[in-house]
Amino acid sequence: MNDPKSTLPPVAGSALDLIGRTPMLEVRNLDTGPCRLFLKLESQNPGGSIKDRVARSMIEAAEADGSLKPGGTIVEATAGNTGLGLAQVATLKGYRLILVVPDKMAREKILHLRAMGVDVRLTRSDVGKGHPEYYQDMAEILAQSIPGAIYVNQFANPANPRAHETGTGPEILEQMGGDVDAVVVGVGSGGTLTGVGRYMAAHSPKTQMVLADPVGSILCDYVATGTYGEAGSWIVEGIGEDFIPDNAQMDLVRKAYSISDRESVDTARLLLRKEGVLAGSSSGTLLAAALKYCREQTQPKRVVTLVCDTGAKYLTKMFNDMWLAAHGFDQRELHGDLRDLIAKRYADGGVIAIGPQDTLLTAYNRMRSSDISQLPVVDAGRLVGILDESDILAAVEGGDEHHEDHRGARFKTPVAEAMTREINTLQAHQGVEALPEVFDRDEVALVVDGDEFVGVITRVDLLNHLRLGA
């Protein structure tokens, strides 16, 4: 009988030793047509994404050519995962890291980077190359202003595709037993396409490189026509471009698919439900394109795509129902009144509220855990008041006694004794024109349907509604 421990990897001496050699998983519960579809789980890298490979390769190349000295500074422009990979490597090697990132980057990624001591500089995501606030241009100028700093420039750095030509590509072919008909990739910097594509061209000429591109990116049009127009916008992070990166060898692409944000999000969520794989937004794009490719085939093929990063970085975005509603991805029925602006209804558990008999401590804990400053007070489905931080503070600090024991006792006070009972409400059937007056009073809109509490509308909800209707 084989010892099951014999197949376990040895103890690693550093997190850097865990980069690469990621597992491959066959899709079993999705419709793949006549094909077999496999997922290379790059989310299993220590930094949670495929970009760990690239980060190590580029930093080690800079060390080897002498441009990066001990204690030096690394500057890069990134939509997120390259930055996390660079942080993973730079921190362990003792380098300072400054990242310029577009403001659509997921909050989890920014928090992750700052927890590692990275200097994160946010810039606009709505401007193109050549604009002074474009993230790549900002990073290059910043690096020039810091003595001993290097601008990594993943978009033109040859060590980027080399990481995939010497690592990802060979691993895919080995895990597939030398038999792979197509690899579906996205293009952000172009490293994966170019590195894997070059390796397959040399060692598995039958393997086609297939591009998955977000709607709004120029790359799919470029593959189809050799030209491209003005780029649009998209919410998927890490892939899609408004220019052709130097590292993107586009002549390697044999077929390209343009995938909408909604399809990317829906497919990533489907992957979690059907296969138990928590993947990010770009992985949803890749999987959607891979499924289209597989279903179009008339003969069985063996197809590989990538889970580029973990969906744990997107829990407040694509795995958040309120975020989906704000972007119009929840496909709900529209009524032409205030109900259309309520991201989540109270009756569905979507509103964080408090009861009049709950304590101020319970209210405080709910505010703190949800990062909000006020709570509707609801009793048997009816809105009876509102409680905000100032109400709690007045109740806890009020009175002549300020001893700590007395404050602790006051936190046990029922919400009903501290809440504001005089509240302004709007009826659900009213129109959007009722909202400005509420916001002018610096209030949120509390919406009821008769006596029943429906939900809350904020300024952000109104802005989302106006943007979706634009």
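The values are calculated or read from the model by the stated rules, or taken from the named source; none is laboratory data. Just so we're clear, the structure is a prediction, and the values are computed from it rather than from any experiment. Backbone-built Cβ (ideal geometry, glycine too); neighbour counts: all protein chains shown. Keep in mind that these areas ignore ligands, DNA and RNA; they rest on the heavy atoms of the full protein, side chains included. Shrake-Rupley method; radii C 1.70, N 1.55, O 1.52, S 1.80 Å.
Taking trypsin sites (Lys or Arg not before Pro) that fall in a DSSP loop and have at most 15 other Cβ atoms within 10 Å as cut points, what is the longest piece of the chain between them?
Working: sites that count: Arg21, Arg28, Arg124, Lys129, Lys206, Arg332, Lys412, Arg421, Arg441.
Here the longest run is 207-331.
Treating only the Cα positions of region 1-94 as identical point scatterers, give the base-10 log of I(q)/I(0) from the Debye formula at each q in 0.12, 0.24 Å⁻¹. Here log10 of I(q) over I(0) equals -0.54, -1.20.
Rg over Rh for region 197-273 works out to 1.01, using Cα positions for both radii and the Kirkwood form for Rh. By a straight-distance test (C-alpha under 30 Å), which lysines pair with Lys344 as possible cross-link partners, with residues fewer than eight away in the same chain excluded? Once the sequence-local lysines are set aside, what remains near Lys344 is Lys104, Lys109, Lys274, Lys313, Lys317, Lys412.
For the pair Leu334 and Ile423 in one chain, pulling the backbone fully straight at 0.36 nm per residue adds 29.3 nm over the alpha carbon distance.
Excluding ligands, DNA and RNA, the accessible surface per residue across the chain is 47 Å² with a 1.4 Å probe. In plain terms, the chain from Ala12 to Ala394 could stretch by 132.0 nm, reckoned as 0.36 nm per residue minus the Cα-Cα distance. Farthest toward the positive end of the dipole of the chain, out of His429, Val236, Ser14, is the Cα of Ser14, where the dipole comes from beta carbon charges about the Cα centre. Summarising the label geometry, the points placed 7 Å from Cα in the beta-carbon direction at Arg459 and Glu140 lie 3.7 nm from one another. In the chain, the convex hull through the Cα atoms has an average projected area of 30.0 nm², a quarter of its surface area.
Shown for the chain: cysteine residues without a partner Cβ closer than 4.7 Å, namely Cys220, Cys308. The longest part of the chain holding none of the exposed loop GluC sites (Glu not before Pro), meaning those outside H, G, I, E and B in DSSP with at most 16 other Cβ atoms within 10 Å, is 1-132.
Heavy-atom accessible surface of Ser14, to the nearest 10 Å², is about 40 Å², with a 1.4 Å probe and all protein chains retained. Note: relative contact order over region 269-354, using C-alpha pairs below 8 Å and six or more positions apart, is 23 percent.
Would you list Met138, Met250 from the most to the least accessible area, probe 1.4 Å?
Working: Met138 60, Met250 20 Å².
Order by accessible area, largest first: Met138, Met250.
Compared with the alpha-carbon gap, the fully stretched path from Phe243 to Leu122 is longer by 41.5 nm at 0.36 nm per residue. Local charge for Leu142 was computed over the other residues whose Cβ lies under 11 Å away, with Lys and Arg +1 and Asp and Glu -1, and equals -3.
When both region 241-278 and region 154-213 are represented by their alpha-carbon centers, they are found 15 Å apart. Taken over region 214-348, the convex hull of the Cα atoms encloses 159 Å³ per residue.
Percent of Cα pairs in region 248-315 per distance bin of 10 Å, from zero to the largest separation: 20, 49, 27, 4. Rounded to the nearest 20, the size of the Cβ-charge dipole of the chain about its Cα centre is 1920 debye, with Lys and Arg at +1 and Asp and Glu at -1. The mean sequence separation of alpha-carbon pairs under 8 Å and at least six residues apart, normalised by the residue count of the chain, gives a relative contact order of 13 percent. Solvent-accessible area of the chain (1.4 angstrom probe, protein heavy atoms only): carbon and sulfur portion equals 49 percent. Say the dipole of region 1-132 comes from +1 at the beta carbon of Lys and Arg and -1 at that of Asp and Glu; which of Gly80, Ala64, Val127 then lies farthest toward its positive end? In region 1-132, that residue is Val127.
Measuring nothing but how far apart in sequence close Cα pairs (under 8 Å, 6+ apart) lie, relative to its length, region 176-280 scores a relative contact order of 30 percent.
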